[in-house]
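Report on one structure; see the data block that follows.
The values are calculated or read from the model by the stated rules, or taken from the named source; none is laboratory data. Since this is a predicted model, take the numbers as computed values, not measurements. Cβ sites come from the backbone with ideal geometry, for glycine too, and all protein chains shown count toward neighbours.
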């Protein structure tokens, strides 16, 4: 059995998120998703939705076996607990693949690290970015 782990913020779910998780699930038998806690998101604007709600929404998606919140202090704790065969990163996630591989090796975690490709919009108005969704809401509703 191949256990796959994906991770992210998953704020305001959109087709790009579903693409990422569907592609990740295709690599194994189980897909476990780690949802970043809002307080740990420092590389972009913090999530609009609360941690638990984001976790619940991801957990309800068909490709996902289980979704859980990340650790409050150490992002590798859930990885150690899940012991994955593969960690899948999204095409636009800020993580340095090689730094992740090194951190995993330093902790004695033996797993592959790979990235999924981007999904192109299927029609002109399709939105594949949380930031774009927020911008559109602000433009049209604020």
* Asked: Quick one: how many residues across the stretch 54-87 are under 24 Å from residue 39 (Cβ atoms) and either outside any loop (DSSP other than H, G, I, E, B) or at pLDDT below 95 (or both)?
  -> 22
* Taking residue 95 as the residue in question, decide whether it is at pLDDT below 95 and closer than 19 Å to residue 22 by Cα. => no
* Asked: Condition test on residue 109, is it surrounded by 15 or more Cβ atoms within 10 Å (Cβ to Cβ) and either without any contact (Cβ under 8 Å) to a residue 24 or more places away in the chain or closer than 12 Å to residue 4 by Cα (or both)?
  -> no
* Asked: Does the stretch 1-45 hold any residues that are over 16 Å from residue 87 (Cβ atoms), in a helix (DSSP H, G or I) and without any contact (Cβ under 8 Å) to a residue 60 or more places away in the chain, and which are they?
  -> 17, 18, 22, 38, 39, 40
